[in-house]
Amino acid sequence: MAKILIIEDKKILAEMYQDKFSQAGFEVSLAFNSEEGIRLAKKEKPDLILLDILLPKENGIQFLKRLKMVPEISKIPVVAFSNYDEPKTKKEAARLGVKDYLIKTEFTPAELVEKIKEYLPSSRI
Amino acid sequence: MEKAKKISKKKIGESGYINENCWLVKTLNYTPYKRCQYCELKFHNCLFLHYQIISLILILFFFTLSFLVEGKASELVIIAVFTLVIVYGYFFNKSTDKLIQANFAQRKAKEALEELAETLQEKVDEQTKKIKDAYKKLRKAYEELKVLDKAKSEFISMASHQLRTPLTAIKGYISMFLEGMFNHLSPKAREKMENVFYSNERLIKIVNDLLNISKIELGKMELEKENVQIEDLIQSCCEELKIEAEKKGLKFYFQRPKKALLKINIDSLKIRQVILNLIDNAIRYTQKGEIEIKAEKINSKIQISVRDTGEGLTKEEKKKIFEGFTRGAAGITYWIEGAGLGLYVAKKYVELHRGKIWAESKGKGKGSTFYVELPIR
């Protein structure tokens with residue numbers, strides 16, 4: 001069973017995705033900010049991180065920079081998932097190694113699950 | 001210099017006029033002849049001086065001669081010399097008059113010209129000042145407008161981001177309801193839910209359009225170009241919308257060019273959005289008949305056209321159709337209800353590619369054709 005960490009500050013969205021991913025057979029952990037995200041990533045060692053970009057205090061870009069500095073979790077694939085789609089931020093995220101940059105309104109939760117499966121090793125699905 | 005200029009303000013011929021060019025007038029304020037006032041000659045050419053000196057030399061010469069020859073100045077010599085000087089003076093006057101008159105005319109013309117130049121300069125200065133003031137005002141207004149425009153775009157951008165979060169939640173939960181994740185839905189409830197879902201999709205599209213417009217207007221829109229076979233791009237757009245056309249019973253076809261077109265360097269996502277928008281509009285505004293899509297090479301450009309047999313456009317609509325908002329008598333209005341901002345965004349995208357977009361129609365009820373022209377290089 002694949003483990004996924006969702007970092008999302010909007011409770012309503014976080015819970016919605018948690019419901020959908022759980023139903024699809026994922027083991028889901030939720031973090032509401034960057035700090036918590038790093039802590040949970042270290043603890044849970046997820047197969048993939050779904051990262052919102054507009055977060056309180058530290059934004060997604062800063063989270064990615066911090067993630068790269070911790071060797072034990074720096075190799076975890078990250079997919080950025082936000083409604084914030086400024087080209088500059090997108091480029092920055094790509095430079096920091098995100099697998100993809102998805103816009104939330106373009107996906108239903110079911111479509112998101114399918115998309116995320118593309119970035120997981122087949123043995124984990 | 002200042003003073004001299006002030007004095008010379010008195011016009012030539014007026015009393016109190018001082019001729020700056022005459023050494024006698026200038027240094028002694030003495031005018032031996034009236035015409036000295038008008039004389040334009042410099043000191044070494046002074047005619048008055050020449051006359052005086054030459055007369056004196058003549059007198060001295062003959063008196064000396066007479067003393068040397070006769071030991072005294074004879075009456076005959078005196079009379080002869082003075083007659084000579086007077087005759088000389090008469091001819092001298094006559095010959096110099098012309099010269100001085102010419103100089104006078106020249107001087108007068110020059111002064112008139114200077115005066116004209118001065119008034120002209122004053123007028124030019126006045127006008128320049130007016131223009132400068134107007135420019136300053138305009139510049140200020142422009143700056144204010146620019147700030148306002150930027151604020152507007154940033155506001156739209158921010159508001160749109162804020163709007164997208166609840167829209168995502170609505171989209172997510174409705175789709176989960178439709179999947180039957182929470183409860184089994186009755187067919188009627190499912191139908192209503194689907195309506196909500198598509199209304200929400202429309203709302204998302206409007207927000208996306210607003211966001212794209214604000215990006216374009218803030219200069220943040222960037223093209224991600226790649227080499228694209230345009231026919232393939234059009235084909236995939238057609239396949240996506242074919243069902244919609246068939247639902248309405250429209251004949252719908254894409255005429256692929258016989259010879260493959262050259263690949264063009266474009267942002268395929270954005271041009272795709274443009275083509276989808278044109279086809280979508282064609283389907284929406286055509287109740288019966290056909291929709292024909294074509295792509296061809298015209299000179300150094302690729303022209304894509306979408307022709308329909310739908311509602312057509314009036315002359316005014318043809319003009320306003322690509323404007324985002326138009327300000328009419330009734331305030332801000334869309335050109336046609338429901339068309340939204342899609343064509344405005346399409347125009348901006350095409351222009352970012354240095355292309356052209358326009359519409360043609362023979363009038364209301366006679367269908368319309370939309371063209372997009374993209375440069376090959």
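Restricted to helices (runs of 4 or more DSSP H) entirely inside segment A:1-72, those with at least 1 residues that are in contact (Cβ under 8 Å) with a residue 60 or more places away in the chain, among the basic types (Lys, Arg) and within 14 Å of chain B (Cβ to nearest Cβ) are A:11-23. Taking residue B:261 as the residue in question, decide whether it is outside the structural domain of residue B:148 (by TED's automatic domain parsing) and over 23 Å from residue B:365 (Cα atoms). Taking the combined requirement at face value, the residue satisfies it.
Restricting attention to segment B:88-121, and to residues there that are modelled with pLDDT of 85 or more and either of a type in the set (Asp, Glu) or within 30 Å of residue B:56 (Cβ to Cβ) (or both), which single residue is nearest to the chain's Cα centre (by Cα)? Step by step, filter segment B:88-121, then rank; the result is B:118.
Scanning segment A:81-102 for residues that are touching a Lys or Arg at 6+ places or on another chain (Cβ under 8 Å) and either facing another protein chain (nearest Cβ under 9 Å) or assigned to a strand (DSSP E or B) (or both) yields A:81, A:82, A:83, A:86, A:87, A:88, A:100, A:101, A:102.
In segment B:340-361 there is no residue that is at pLDDT below 85, assigned to a loop (DSSP other than H, G, I, E, B), loosely packed, with under 14 Cβ neighbours inside 10 Å and of a type in the set (Gly, Ala, Ser).
Quick grid of which residues meet (1) modelled with pLDDT of 90 or more; (2) closer than 26 Å to residue B:310 by Cβ; (3) outside the structural domain of residue B:154 (by TED's automatic domain parsing):
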residue	(1), (2), (3)
B:202	no, yes, no
B:205	no, yes, no
B:208	no, yes, no
B:211	no, no, no
B:232	yes, no, yes
B:237	yes, yes, yes
B:244	no, yes, yes
B:249	yes, yes, yes
B:255	no, yes, yes
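Looking only at residues in segment B:157-195 that are within 8 Å of chain A (Cβ to nearest Cβ) and over 15 Å from residue B:208 (Cβ atoms), the one that is nearest to the chain's Cα centre (by Cα) is B:169. Candidates are the residues of segment A:79-125 that are surrounded by 14 or more Cβ atoms within 10 Å (Cβ to Cβ) and of a type in the set (Lys, Arg); the one that is nearest to residue A:25 (Cα to Cα) is A:117.
The values are calculated or read from the model by the stated rules, or taken from the named source; none is laboratory data. Because the structure is a prediction, the values reported are computed rather than measured. Because the Cβ atoms are built from the backbone with ideal geometry, glycine has one as well, and the counts that use them run over all protein chains shown.
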